[in-house]
Amino acid sequence: MLILVAVQLHFSRRAAAMTIRIRLDTLTISMAAAAFRSTTGEALDGDSASMFRTLLGSNNVKVVFLSTGNANDRGEKVDPWGTPYRINMIHNTNLLIHSAGRNRKFDDGDDFLFDSNKTNFVKQPK
């Protein structure tokens, strides 16, 4: 019984650590996009990979707005399970940043969804 409690505590702490990492990643991506918009007067566009490349310095002003930590070989930031974050631009000022969650599949019950206007998750696993 004690071993079961220890295992549950371990997984509970690990899940909390993953949530904190996702929160930090999504806040960082959101702030980088806001800095890009403030510096260039432009909104991010394209798919998630091209948005990440723009934030990593492939832009007209040649400024790096986002570090390459926790990135894949395409330069996309990845969540704690190695899946690239998906970014959707809403109305040129709001980003929705999506993590596929532990099962690495988008659009199901274990996903995280961060809204940059609310600076908070609007969806996360229970």
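Values in this text are rule-based calculations from the coordinates and carry no lab data. In this text the structure is predicted, and so the values were computed from the model without any measurement. All Cβ positions, even for glycine, are placed from backbone atoms using ideal geometry, and neighbour counts span all protein chains on display.
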query = How far, in nm, would the chain grow between Ala35 and Ser58 when pulled straight, counting 0.36 nm per residue and subtracting the alpha carbon separation?
reply = 6.8 nm
message = For a Förster distance of 30 Å, can you work out the FRET efficiency between the beta-carbons of Glu42 and Ala71, rounded to the nearest 0.05?
response = 0.85
Trypsin sites (Lys or Arg not before Pro) restricted to DSSP loop in the range 50-93 with at most 15 other C-beta within 10 Å = Lys62, Arg74
inquiry  = With an 8 Å Cα cut-off and a minimum separation of 6 or more residues, compute the relative contact order for the range 2-123 in percent.
reply    = 17
inquiry  = For P(r) over Cα pairs in 10 Å bins from 0, in percent, pick the label among (i) 13, 50, 35, 3; (ii) 12, 34, 23, 16, 11, 3; (iii) 13, 43, 29, 10, 4, 1, 0 that corresponds to the value derived from the coordinates.
reply    = (iii)
ask   = Ranked by Cβ crowding within 10 angstrom, fewest neighbours first, how are Thr54, Thr40, Thr26, Thr93 ordered?
value = Thr93, Thr40, Thr54, Thr26
query = Quick one: Karplus J couplings for the range 89-101, per residue in order, coefficients 6.51, -1.76, 1.60, θ = phi - 60°, nearest Hz, x for Gly and Pro?
reply = 8, 10, 6, 6, 10, 10, 9, 10, 10, 10, 9, 6, x
message = 5 Å is the cut-off here: which amide hydrogens, built 1.01 Å from N in the peptide plane, fall below it relative to Lys123, excluding neighbours closer than 5 in sequence?
response = Leu113
Lys, Arg +1 and Asp, Glu -1 on Cβ, resulting dipole of the chain about Cα centre, debye, nearest 20 = 360
remark   = Taking Ser50, Ser99, Ser30 and counting other beta carbon atoms within 10 angstrom, the fewest-first order is Ser50, Ser30, Ser99
